[in-house]
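Novice: Just passing along the structure, written as structure tokens.
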Amino acid sequence: MTGLITRLGLRLDAGRSASRKRAFREGWPASASPGVSFHTTDKVQFRYREAGAGRTIVLTADPPMTLETYDALIERFSTAFRVIVVELPAMGFTAVSRDYAFGFRETNEELAAFLREVAGEGAILAFSCVAGLAAVDIAARHPELCSHLALIQTGDVAAFSLWKARRDPKRILARPIVGQLVLRRLAPKRMPDWYALSVGRREMIPSLCTCAAESFRHGAQWSLASAYQVYMDERLKLAAPRQPVLSIWGEADRSHPEDNRHTIRRLAPSAGCRSLPGLGHTPELEDPASVFALIREFVGEG
């Protein structure tokens with residue numbers, strides 16, 4: 001059970017629920033990109049984009065990325081798939097209710113509800129970074145929702161514990177209230193440093209920074225401190241998925257330790273592994289065509 005101080009910290013990211021939901025539905029986030037829609041589950045108002053027809057593939061926007069950075073990916077993937085890109089709870093312009101507590105399985109149940117109600121059964125889940133563990137959990141507990149797992153820059157639980165410790169060595173983000181306030185103040189200023197560390201294609205960094213600045217100006221969230229404190233729980237035990245698994249890894253990602261590469265195989269030993277030289281933490285954005293080709297081959301569509 002989370003303590004009082006932790007709950008107060010989480011409230012900083014989950015507060016102003018009604019006004020935030022309305023502002024996102026009616027303001028800039030509703031029209032900033034083509035194909036934007038909103039879908040409300042029990043605790044979350046998801047913001048997503050959808051295009052194309054065919055087998056459904058669902059990708060998660062990797063915060064601080066918002067849907068505005070996914071134009072090229074959606075254009076490419078929609079040539080063969082019904083593609084859905086969704087922002088995670090309390091990230092970007094996906095708003096949460098006041099009683100949302102950032103729990104791992106709580107969050108995953110909201111994502112599962114979104115998949116059931118929007119994507120339908122049997123979707124290909126191409127989740128990225130720590131959201132890949134949500135995909136693994138959903139695939140194990142709700143197998144009807146997932147046919148294949150294409151996990152992008154996703155390690156196992158131990159790998160994310162290592163990543164978490166190295167990204168927050170002074171445990172600032174791990175401190176309730178302090179972490180939320182520090183990130184809220186510094187997030188817009190940290191974008192150049194974050195992208196310099198994580199992006200392999202350096203020529204993309206200026207446009208990514210510009211997009212992030214515009215999104216933050218319109219109220220985008222990056223609730224990383226709350227995720228550090230609650231969602232990323234190193235005590236998690238995950239069941240091995242029965243669906244086919246593909247691990248995609250951008251080799252130029254300096255935000256993850258080298259030892260984290262393809263560690264999802266410790267959970268899914270039969271997973272196929274594909275490394276992409278020169279690409280960073282979001283290879284699906286840096287080279288959509290290459291990731292598209294890998295996934296088409298993986299699911300037998302190419």
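The values are calculated or read from the model by the stated rules, or taken from the named source; none is laboratory data. A quick note: this is a predicted structure, and the numbers were derived from the prediction, not measured. Positions of Cβ are backbone-derived with ideal geometry, glycine not excepted, and every protein chain shown enters the neighbour counts.
Novice: Within the stretch 240-266, work out how many residues are out of contact with any Phe, Trp or Tyr (no Cβ under 8 Å at 6 or more places or on another chain) and either of a type in the set (S, T, N, Q) or surrounded by fewer than 17 Cβ atoms within 10 Å (Cβ to Cβ) (or both).
Specialist: Going residue by residue through the stretch 240-266, those that are out of contact with any Phe, Trp or Tyr (no Cβ under 8 Å at 6 or more places or on another chain) are 240-243, 245, 247-254, 258-259, 263-266.
Now drop any that are not either of a type in the set (S, T, N, Q) or surrounded by fewer than 17 Cβ atoms within 10 Å (Cβ to Cβ) (or both), which leaves 240, 242-243, 247, 251, 254, 258-259, 263, 265-266.
So the answer is 11.
Novice: Could you pull out the residue among Ala30, Ala53 that is surrounded by fewer than 15 Cβ atoms within 10 Å (Cβ to Cβ) and either polar (S, T, N, Q) or at pLDDT 95 or above (or both)?
Specialist: Values: Ala30 fails: surrounded by fewer than 15 Cβ atoms within 10 Å (Cβ to Cβ).
Of Ala30, Ala53, the one residue that is surrounded by fewer than 15 Cβ atoms within 10 Å (Cβ to Cβ) and either polar (S, T, N, Q) or at pLDDT 95 or above (or both) is Ala53.
Novice: Restricting attention to the stretch 222-252, which residues are outside any loop (DSSP other than H, G, I, E, B), closer than 21 Å to Arg105 by Cα and of a type outside the set (S, T, N, Q)?
Specialist: Matches in the stretch 222-252: Trp222, Leu224, Ala225, Ala227, Tyr228, Val230, Tyr231, Val245.
Novice: Scan Phe114, Phe102 and give me the residue that is on the phi > 0 side of the Ramachandran plot and outside any strand (DSSP E or B).
Specialist: Values: Phe114 fails: on the phi > 0 side of the Ramachandran plot.
Being on the phi > 0 side of the Ramachandran plot and outside any strand (DSSP E or B) holds for just one of Phe114, Phe102, which is Phe102.
Novice: Now for a separate question. Which residue pairs have Cβ atoms under 7 Å apart, sit 6 or more places apart or on different chains, and have a first residue in the stretch 1-24 that is closer than 10 Å to Ala95 by Cα and a second that is of a type in the set (Lys, Arg) and at pLDDT 90 or above?
Specialist: Ala14/Arg98; Gly15/Arg98; Ser17/Arg98; Phe24/Arg47
Novice: Of all residues in the stretch 253-264 being assigned to a helix (DSSP H, G or I) and in contact (Cβ under 8 Å) with a residue 60 or more places away in the chain, which is farthest from Leu294 (Cα to Cα)? Step through it out loud before you land on a result.
Specialist: First, the residues of the stretch 253-264 that are assigned to a helix (DSSP H, G or I): 258-260, 263-264.
In the following step, the residues that additionally are in contact (Cβ under 8 Å) with a residue 60 or more places away in the chain were identified as 259-260, 263-264.
On the way: Asp259: 23, Asn260: 20, Thr263: 19, Ile264: 17 Å.
Going through the qualifying residues, I end up with Asp259.
Novice: Mind listing whichever residues of the stretch 78-99 are part of a strand (DSSP E or B) and in contact (Cβ under 8 Å) with a residue 60 or more places away in the chain?
Specialist: We begin by selecting, within the stretch 78-99, every residue part of a strand (DSSP E or B); these are 82-87, 91-92, 95-96.
Correct list: Met91, Gly92, Ala95, Val96.
Novice: Considering only residues that are modelled with pLDDT of 90 or more and under 27 Å from Gln180 (Cα atoms), which ones fall in the stretch 232-255? If you could, list the steps in order and put the result at the bottom.
Specialist: Kept after step one, since they are modelled with pLDDT of 90 or more, are these residues of the stretch 232-255: 237-255.
Selection gives Lys237, Asp253, Arg254, Ser255.
Novice: While we're looking at this one, here's another question. Which members of the stretch 56-69 meet the condition of being of a type outside the set (S, T, N, Q) and over 13 Å from the mean Cα position of the chain (by Cα)? Let's see the steps before the verdict.
Specialist: The initial filter retains those residues of the stretch 56-69 that are of a type outside the set (S, T, N, Q), namely 57-59, 61-65, 67-68.
Correct list: Ile57, Glu68.
Novice: State all residues of the stretch 166-181 that are surrounded by fewer than 18 Cβ atoms within 10 Å (Cβ to Cβ) and more than 26 Å from Glu286 (Cβ to Cβ); if no residue qualifies, say none. Please lay out each step first, then the result.
Specialist: Looking only at the stretch 166-181, we keep the residues that are surrounded by fewer than 18 Cβ atoms within 10 Å (Cβ to Cβ), and these are 166-172, 174, 177-178, 181.
Those that are surrounded by fewer than 18 Cβ atoms within 10 Å (Cβ to Cβ) and more than 26 Å from Glu286 (Cβ to Cβ): Pro169, Lys170, Arg171, Ile172, Ala174, Ile177, Val178, Leu181.
Table: residues versus (1) without any contact (Cβ under 8 Å) to a residue 40 or more places away in the chain; (2) closer than 25 Å to Ile295 by Cα; (3) touching a Pro at 6+ places or on another chain (Cβ under 8 Å).
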residue	(1), (2), (3)
Ala212	no, no, yes
His218	no, no, yes
Met232	no, no, no
Leu238	no, yes, no
Gln243	no, yes, yes
Ser247	no, yes, no
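Novice: Out of Ala123, Ala112, Ala90, I need the residue that is closer than 23 Å to Lys164 by Cβ, of a type in the set (A, V, I, L, M, F, W, C) and within 18 Å of the chain's Cα centre (by Cα). Which one?
Specialist: Matching residue, one of Ala123, Ala112, Ala90: Ala90.
Novice: Could you check how many residues of the stretch 269-301 are more than 12 Å from Ile248 (Cβ to Cβ), of a type outside the set (Ser, Thr, Tyr) and without any contact (Cβ under 8 Å) to a residue 40 or more places away in the chain?
Specialist: So the count comes out to 3.
Novice: Could you grab me the full set of residues in the stretch 112-135 that are in contact (Cβ under 8 Å) with a residue 40 or more places away in the chain, over 20 Å from Ala225 (Cα atoms) and in contact with a helix residue (DSSP H, G or I) (Cβ under 8 Å, 6 or more places away or on another chain)?
Specialist: Leu115, Ala119, Gly122, Ala123, Ile124, Leu125, Ala126, Phe127
Novice: Just need a number here: residues in the stretch 182-212 that are under 30 Å from Arg25 (Cβ atoms) and either loosely packed, with under 15 Cβ neighbours inside 10 Å or basic (Lys, Arg) (or both).
Specialist: Total satisfying the criteria: 8.
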